[in-house]
Amino acid sequence: MRTSISTDSTSRPLSLRQVLLADGVVSGVFGILLLTAAGPLSDPLGLSVAFLRWTGLMLAPFAAVVLYLATCEAIPRRGVSTIVGINVLWVLASLLLLLTGWIDQSGLGTAFIVAQAALVALFAELQFVGLRRRS
């Protein structure tokens, strides 16, 4: 299976660097959003302020590392493999939260968790494919 995101009529796949940059920026933006807007987001999502802030706090260093890797002249294979693994674990943890009932989120909260897990899964797949293309 070949995974690519079309940016023009030639359907060029995104480079590994572009995918890492996107992952780093999105993770950073979500981290800042969750840290700064946990209060207003808590009620509609049905998630505690503490849970949202801790999630944002975890995303900040992750985003910094991903952005660092994306800017390396030679992107380290081991570093990207680690990011792929972390992303897969994030998706599994998100699904586990939903399946176990450990949190009592609203319908919007469920949609939020599913959507972010799907996006993270997409990043993991594109990073994995990018690594394979480099081999």
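Read the figures in this text as sums done on the coordinates, not as results from a lab. This structure is a prediction, so every number in the text was calculated from the model and none was measured. Because the Cβ atoms are built from the backbone with ideal geometry, glycine has one as well, and the counts that use them run over all protein chains shown.
Observations on the structure shown:
- Yes/no for VAL66 being under 14 Å from the mean Cα position of the chain (by Cα), of a type outside the set (Ser, Thr, Tyr) and surrounded by fewer than 17 Cβ atoms within 10 Å (Cβ to Cβ): no
- Any hit, the stretch 36-44, residues being under 17 Å from the mean Cα position of the chain (by Cα), more than 30 Å from ARG132 (Cβ to Cβ), surrounded by fewer than 17 Cβ atoms within 10 Å (Cβ to Cβ) and touching a residue at least 12 places away in the same chain (Cβ under 8 Å): no
- Annotation for the stretch 62-81: at least one member residue is in contact with an Asp or Glu (Cβ under 6 Å, 6 or more places away or on another chain) and on the phi < 0 side of the Ramachandran plot.
- Within this structure, ALA74 passes the test of being outside any helix (DSSP H, G or I) and of a type in the set (A, V, I, L, M).
- Within the stretch 77-124, being more than 14 Å from the chain's Cα centre (by Cα), farther than 20 Å from PHE30 by Cα and surrounded by 12 or more Cβ atoms within 10 Å (Cβ to Cβ) holds for ARG77, GLY79, SER81.
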